[in-house]
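Have a look at the structure below, then the notes.
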Amino acid sequence: MPTDAAFFTPIHVQVLAALLFGLGLTAALARRDLFIVLMGIELMLNAVNLSFIGFARSHAGSASTLGQLAPLFTIAIAAAEACVALAMVVLLVRQQDTVDTDARSALKD
Amino acid sequence: MDPAPLLSLLAPLLLALSGGLIALAAEPFLARVRKHQVLPWIVAVACIAAAFAVALAPNGQAYGMLALDAARRWLMLTTLAVTAVAVGGLQASLDRDRFPGGESYALAAVAASGVLLMIMSLDALAAFVGMETAALAIYALVGLRRQRPESGEALLKYLVMGAVFSAIFLYGVALYYGATGSTRFGAPAVAGREALFALGASCMLIGLAFKLGAVPFHAWAPDAYTGAPVAVTGLMGAIVKLGAVALLGSLWLGLAASDGKPVRLDQAVPPVPGLRSALLEPLALLLTILAIASIVIGSFAMLRQSSLRRLVGYSAIANAGFLLLPFILPFRDAAIDLSALWLYAVAYALATAAALAAAAAIAGPDDAGDNLSQLHGRGRQFPLYGAVLSVCLASLAGLPPMLGFLGKFAVLGQTVAAGGWIIALVALIAALAAAAAYLYLLVQLWAGTPRDEQPLALGGDALNRWGSAAAAVLLVALLACPGLLPSSAAVAAPTAASSLSAPPPGGK
């Protein structure tokens, strides 16, 4: 039976993080539902956290500590961003009773 | 770089932030009319106090996290000046519209403190915190007029794209950390992780190119600029660019040096030879292509615009291109010098913020009258604002007695010196097209009389009159004393110079 370290190498973590990031990016750019778009953004930020933690295992000493600390910053900022984004959703739904992003396309040249 | 007391570096940031927090705390206790009389002054005084703190703080770095040098000092002073001017513009337009809330002034101060953190930071993680502090405040400012649907649409587009590109920047930071074991700018890559290093640096560059509004990450800019209140358009156009160019400069000079030392923005850095061909040359080529595309697309699209804010949006794209031109690498043995970038950024930020603060005062109820036809003849009606707009637009167009001329001259001169004279020629032709758009706006301002019969109402605008006039005077006056302007210390090869100037052993 493989040990924990051999089973879960840093490269596996990075591949998973990259996949999650790509999934989040696709959802944020391609979907029309506002909530899915915001969830995609959250997924991107969480993929970055995973990437930081994965890299922390491949560094030693204080360099490793930095990688374990960085996600705390990301989590705090992602929470703040979600606050503003959800306030925006409330504002948009009050103006126009839909969460479809394509319904907002009045501004153009 | 010498160590400096942390508090002296943090003081400007804390002063700007506390100005915002005081304004936010005072807001509920003021009557609707008093909000627009009192709060802008609190923020403006905080900005002036923070500017004094910037001027008095010593050069140096603290904990490898924050730093101050001549170029950063210039960018920070400009950020604070621009915020005070934009707050004046906000006061004029919100007081005129009897806007019910006074939170916008506090948000402007918070955005300024975020940008100050971006400019000072030596660490990508600190820079990200500053970037998001500024961005979250500016999202709220863009959606300020909650009743107007175009404002909500601009907020939606800006927030979603901004959050996506912030995440891309942060992923770049994570990859950069994986390659170097540090999030500091200028950290060298661990052996064997050069590809990760290049990928991380590229993701960070893409995130910052979005903040600048460079093609192909520019689609949000005209819409976000058009939906925002006029004074907010000036604020976001100016300070977000200042923060983004400071980060681009830190990242670039850090990549060039790769010695793990704190990055000084006011110093010319000779690139490490191996890195230059492996990493800097492909990235510089990419940035050059983005620069030319931005200049051409932005400048020529300006000719078709009828709304002032949309015109400024495309002008922001064109100027993002000019801000990327200094990243063209110099010839093989020369040092990378970004002083032209700082000069151009200062000139652009001052002119944009003052022009839109002046325009905010004369844009009519709800800022709905910022079309070129509605601005017809306003210069004669309001000579001060007309004069401020004239000076600022002339500076943006790059006409000689203004600072914008010096900025364009420095950037294009550097491009030619680096062997890119065809690029400079293309940029110059596009700049002429942009100048035509600015001058057409000037003709509209001064030719004839306003078409509407009833007089245009003005709000309380004492701060706006003083602020935008002071910025316009600065645009001319700074040209007269070039010794004050940002320039790089001529330290091409610091190790060689110091070994020459040091007394030989046993010489005394």
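Computed values, structure above
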{"item": "Chain B: relative contact order in percent, alpha carbon pairs under 8 Å with at least 6 residues between", "result": "18"}
{"item": "Charged-residue dipole, Cβ positions (Lys, Arg, Asp, Glu), the protein assembly as shown about Cα centre, Debye nearest 20", "result": "600"}
{"item": "Among A:69, A:93, A:23 the positive-end extreme of the charge dipole of chain A (Cβ point charges)", "result": "A:69"}
{"item": "Theoretical gain in end-to-end length, residue B:59 to residue B:278 [0.36 nm per residue, Cα-Cα removed]", "result": "75.5 nm"}
{"item": "Cα-based helix-to-principal-axis angle, B:194-212 vs chain B, degrees rounded to 10", "result": "20"}
{"item": "Rg in Å to one decimal, and Dmax rounded to a whole Å, for the protein assembly as shown via C-alpha atoms", "result": "23.8, 87"}
{"item": "Cα convex hull of chain B - mean projected area over all directions, nm²", "result": "23.5"}
{"item": "Cβ-Cβ FRET estimate between residue B:300 and residue B:6, R0 fixed at 51 Å, reported to 0.05", "result": "0.60"}
{"item": "Descending semi-axes in Å of region B:50-105, equivalent ellipsoid built from Cα gyration tensor", "result": "33, 11, 8"}
{"item": "Beta bridges per DSSP with both ends in the protein assembly as shown, % antiparallel, nearest 5", "result": "80"}
{"item": "Helix B:421-446 axis, angle to chain B major axis (alpha carbon atoms, nearest 10°)", "result": "20"}
{"item": "Listed residue (B:249, B:183, B:218) projecting farthest to the positive dipole end of region B:182-324, Cβ model", "result": "B:218"}
{"item": "Gain on full stretching of the segment that runs from residue B:428 to residue B:31 - 0.36 nm per residue minus C-alpha separation", "result": "137.8 nm"}
{"item": "17 Å Cα-Cα reach of residue B:35 towards aspartates and glutamates, excluding residues that sit fewer than 8 places from it in its own chain", "result": "B:27, B:95, B:97, B:103, B:461"}
{"item": "Peptide A:71-79 - average C-beta neighbours from other chains (10 Å radius)", "result": "4"}
{"item": "In degrees, nearest ten, helix B:103-120 long axis to first principal axis of chain B (Cα)", "result": "20"}
{"item": "Charge dipole (the protein assembly as shown, unit charges on Cβ, about Cα centre) - positive-most of B:459, B:446, B:286", "result": "B:446"}
{"item": "Nitroxide proxy distance, nm - points 7 Å out along Cα→Cβ at residue B:14 and residue B:458", "result": "4.0"}
{"item": "Cα centroid separation - region A:53-109 against region B:101-175, whole Å", "result": "11"}
{"item": "Counting all C-alpha pairs of chain A, share separated by more than 16 Å (%)", "result": "67"}
{"item": "Debye, to nearest 20: dipole size of region B:119-267, +1 on Lys, Arg Cβ, -1 on Asp, Glu Cβ", "result": "180"}
{"item": "Lysines with Cα under 22 Å of residue B:241, excluding same-chain neighbours fewer than 8 positions away", "result": "B:157, B:211, B:408"}
{"item": "For region B:150-502, size of Cβ-based charge dipole, Lys and Arg +1, Asp and Glu -1, in debye", "result": "320"}
{"item": "Amide H contacts of residue B:459 (H built 1.01 Å from N, under 5 Å, at least 5 apart or other chain)", "result": "B:96"}
{"item": "Residue order for B:194, B:27, A:81 - accessible surface, 1.4 angstrom probe, largest first", "result": "B:194, B:27, A:81"}
{"item": "Rounded to the nearest 10 Å², the accessible area of residue B:432 at probe 1.4 Å", "result": "120"}
{"item": "Rounded Å value of the spacing that divides the Cα centres of region B:290-345 and region B:378-409", "result": "18"}
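The values are calculated or read from the model by the stated rules, or taken from the named source; none is laboratory data. Predicted model, so just to flag it, every value in this text is computed and none were measured. All Cβ positions, glycine included, derive from the backbone under ideal geometry; neighbour counts span all protein chains shown. The protein model used for the area step is the full one, side chains on, heavy atoms only, and it has no ligands, DNA or RNA in it. Shrake-Rupley method; radii C 1.70, N 1.55, O 1.52, S 1.80 Å.
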